[in-house]
Amino acid sequence: MSTVVKRWVASKKGAKHFLSGHPWVFIGDIIKGVNGTPPGAIVELVDEKEKFLGHGITNAFSQIAFRQLSRSPRDFKNSSETLASFVIDKLVAAANRRFKDNFLEYSHRLCFAEADSLPGLVIDCFVLEDDYQCFSIQASTAAMDQLLPSMSGILETFLSRLNKYTSRSWDKSFVILKNDALARKLEGLPAKEISENEEEKEAIILKNCPTSLSTFSIKIKSASKNNNNYLLFSVDLQGGQKTGFFLDQYHNISLLLENLNFSSRIDDTSPIRILDLFSYVGQWSTQLTHHLTYLRHQVIATVVDSSASALDLAYANVLRAGGQCRIIKSDIIKKNSQLLETLAEEKFDIVICDPPALIKNRNDYYNGKSAYQQLNNSLLSKVKVGGYFISCSCSQHLSESDLTQIVANAAQKNSCHLKTLAHGGHSLDHPTLANFPQGNYLKAIICQIIDASKEHQ
């Protein structure tokens, strides 16, 4: 007996959209089979001529009614193949890909939803000292939410099949749930409101952990080719943002380090000054400090964030990497002018602008784009000639060309000559699908202010 509960028929438009490679079909493009289908069920999708298209999980109460699991007709043909067994197989496949890119030894994203054929499931694996590891989970679809009571068993089985790649055992693993994603509301799933009181954003422990969730140091792969030892980051897995740490910026930090060149300062003993805005726990400034101090530079990092607890962690992380650190608590979006007054005439060698998503949906596009422009205009003014400016966006609705134009406008506004050194995006453990723009959210542009009068000397 199959685990597929029903057959859904897609309209001609819906089938064409799905066959283009997109993993979703919207409720308006399902013309038959919806009635009586419980949220989270596995269904078979066919076109109007009953030609097989794929298997997926469903929720008729969401605009995104069908989310692809597989395009193979061989899947889900017998009762032994459940959603749980499918998840285990896909997690093993995801880990195999990340093993090839040398991610499993350090903290990494194990599962990235649609890109790993598990829509609505995000799992970050945080590697700790002494071979402990924490699986931090977000489930944002009905099917994955229904699997949560079984998730510890799923991960235990997954880990037993992965023992040739890792020495970490299930006994030294723990599992937490960080279901504060607002996307859950669109699926009709309970989601805690984002609160200004950080203590209320607590993780749910699914498998016991050895110590307090707010006192962990996790292993992060060094982005430096010169100093390739791992870094230890102090993080708060209990009340921190998202899964507890943003792993997606690793590639962009690596790109920045590859393009940094302070060789002209070989006789200059003054410290390299970093301005890290929307710093959270100081990932950018800590990786930079780790790299630059290895090259015998002194580093002073100024980290700015609205969260006092995150700033405390950023301070500790920069100091551990060998730098000096100054913290400024500020809501940069609302109090940008006050921040500029605080910084006064200071200029920096490296300025990182890595804000949260300022465009939550299409209706926010113009206001959000304007907010990005204002940020880039003001923050580019804090970069020294010869210094580096990194502008990021994690808004799905802001394209790379939009961000490129925003940076170009900021250069014109500040009357500076800006050279683009690299365009960045997701780290390799955050794969994307070519025909799924909704999963391709992260953009980064790495630039340098050039003294045009000396460029050809």
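Identify, from the list D305, D276, D331, D236, the residue that is within 22 Å of S393 (Cβ to Cβ) and touching a residue at least 60 places away in the same chain (Cβ under 8 Å).
Within the list D305, D276, D331, D236, the selection yields D276.
G28 is checked against (1) surrounded by fewer than 21 Cβ atoms within 10 Å (Cβ to Cβ); (2) more than 27 Å from G153 (Cα to Cα); (3) touching a residue at least 40 places away in the same chain (Cβ under 8 Å) and fails just one. What number does that condition carry?
(3)
Given the conditions (1) over 24 Å from S263 (Cβ atoms); (2) surrounded by fewer than 19 Cβ atoms within 10 Å (Cβ to Cβ), and given that A310 satisfies all but one, which numbered condition is not satisfied?
(2)
Read through the list (1) within 25 Å of the chain's Cα centre (by Cα); (2) assigned to a loop (DSSP other than H, G, I, E, B), then give the number of the only condition that F61 fails.
With respect to (1) within 25 Å of the chain's Cα centre (by Cα); (2) assigned to a loop (DSSP other than H, G, I, E, B), F61 is out only on (1).
Select from the stretch 53-89 the residues that are in contact with a strand residue (DSSP E or B) (Cβ under 7 Å, 6 or more places away or on another chain) and aliphatic (A, V, I, L, M) and write down the one among them that is surrounded by the fewest Cβ atoms within 10 Å (Cβ to Cβ).
Looking at the filtered set, the residue picked out is I64.
Are there any pairs with C-beta distances below 8 angstrom linking a residue in the stretch 6-22 that is touching a residue at least 40 places away in the same chain (Cβ under 8 Å) and in the same structural domain as T37 (by TED's automatic domain parsing) to a residue that is of a type outside the set (K, R) and in a helix (DSSP H, G or I), with the two at least 6 apart or on different chains, and if so which?
A10/F18; A10/D29
Would you confirm whether or not the stretch 69-81 contains a residue that is among the small types (G, A, S), in a strand (DSSP E or B) and more than 22 Å from F233 (Cβ to Cβ)?
yes
I'd like to verify a number: residues in the stretch 338-377 that are in contact with a strand residue (DSSP E or B) (Cβ under 7 Å, 6 or more places away or on another chain), surrounded by fewer than 17 Cβ atoms within 10 Å (Cβ to Cβ) and either of a type in the set (G, A, S) or under 22 Å from S415 (Cβ atoms) (or both), how many?
1
So F103 passes all but one of these: (1) farther than 29 Å from V4 by Cα; (2) part of a helix (DSSP H, G or I). Which condition number does it fail?
(2)
Which one of these is farther than 26 Å from S264 by Cα, surrounded by fewer than 19 Cβ atoms within 10 Å (Cβ to Cβ) and either without any contact (Cβ under 8 Å) to a residue 24 or more places away in the chain or touching a helix residue (DSSP H, G or I) at 6+ places or on another chain (Cβ under 6 Å) (or both): Q405, Q438?
Q405 is the lone residue from the list that is farther than 26 Å from S264 by Cα, surrounded by fewer than 19 Cβ atoms within 10 Å (Cβ to Cβ) and either without any contact (Cβ under 8 Å) to a residue 24 or more places away in the chain or touching a helix residue (DSSP H, G or I) at 6+ places or on another chain (Cβ under 6 Å) (or both).
Any residue at all in the stretch 93-100 that's in the same structural domain as A183 (by TED's automatic domain parsing), at pLDDT 95 or above and either under 26 Å from A10 (Cα atoms) or among the charged types (D, E, K, R) (or both)?
No - not one qualifying residue is present in the stretch 93-100.
For the stretch 278-297, give me the residue count where each residue is surrounded by 24 or more Cβ atoms within 10 Å (Cβ to Cβ) and among the hydrophobic types (A, V, I, L, M, F, W, C).
Here the count works out to 4.
Could you tell me which numbered condition E114 fails, if it satisfies all but one of (1) in contact with a His (Cβ under 7 Å, 6 or more places away or on another chain); (2) under 30 Å from F233 (Cβ atoms); (3) at pLDDT 95 or above; (4) not hydrophobic (A, V, I, L, M, F, W, C)?
The number of the failed condition is (1).
Are there helices (runs of 4 or more DSSP H) fully within the stretch 304-416 with at least 2 residues that are farther than 26 Å from T293 by Cα and in the same structural domain as Q287 (by TED's automatic domain parsing)? List them.
Fully inside the stretch 304-416 and qualifying: 336-343, 365-380, 400-413.
If I filter the stretch 262-274 for residues that are buried (at least 24 other Cβ atoms within 10 Å of the Cβ), closer than 21 Å to N376 by Cα and outside the structural domain of E105 (by TED's automatic domain parsing), do I get at least one hit?
Yes, because at least one residue in the stretch 262-274 is buried (at least 24 other Cβ atoms within 10 Å of the Cβ), closer than 21 Å to N376 by Cα and outside the structural domain of E105 (by TED's automatic domain parsing).
Within the stretch 1-26, work out how many residues are under 16 Å from S70 (Cα atoms) and either part of a loop (DSSP other than H, G, I, E, B) or touching a Cys at 6+ places or on another chain (Cβ under 6 Å) (or both).
Looking only at that region, the number is 8.
So A93 clears everything in (1) surrounded by fewer than 15 Cβ atoms within 10 Å (Cβ to Cβ); (2) in a loop (DSSP other than H, G, I, E, B) except one condition, right? Which one?
Single failed check for A93: (2).
Within the stretch 27-51, track down each residue that is part of a loop (DSSP other than H, G, I, E, B), under 35 Å from the mean Cα position of the chain (by Cα) and among the charged types (D, E, K, R).
Across the stretch 27-51, the qualifying residue is only D47.
Could you please find all residues in the stretch 136-154 being farther than 19 Å from A41 by Cα and surrounded by 24 or more Cβ atoms within 10 Å (Cβ to Cβ)?
Of everything in the stretch 136-154, those that are farther than 19 Å from A41 by Cα and surrounded by 24 or more Cβ atoms within 10 Å (Cβ to Cβ) turn out to be S136, I137.
Just checking, which of I274, I300 is at pLDDT 95 or above, of a type in the set (V, I, T), in a strand (DSSP E or B) and touching a Pro at 6+ places or on another chain (Cβ under 6 Å)?
Within the list I274, I300, the selection yields I300.
The values are calculated or read from the model by the stated rules, or taken from the named source; none is laboratory data. Because the structure is a prediction, the values reported are computed rather than measured. All Cβ positions, glycine included, derive from the backbone under ideal geometry; neighbour counts span all protein chains shown.
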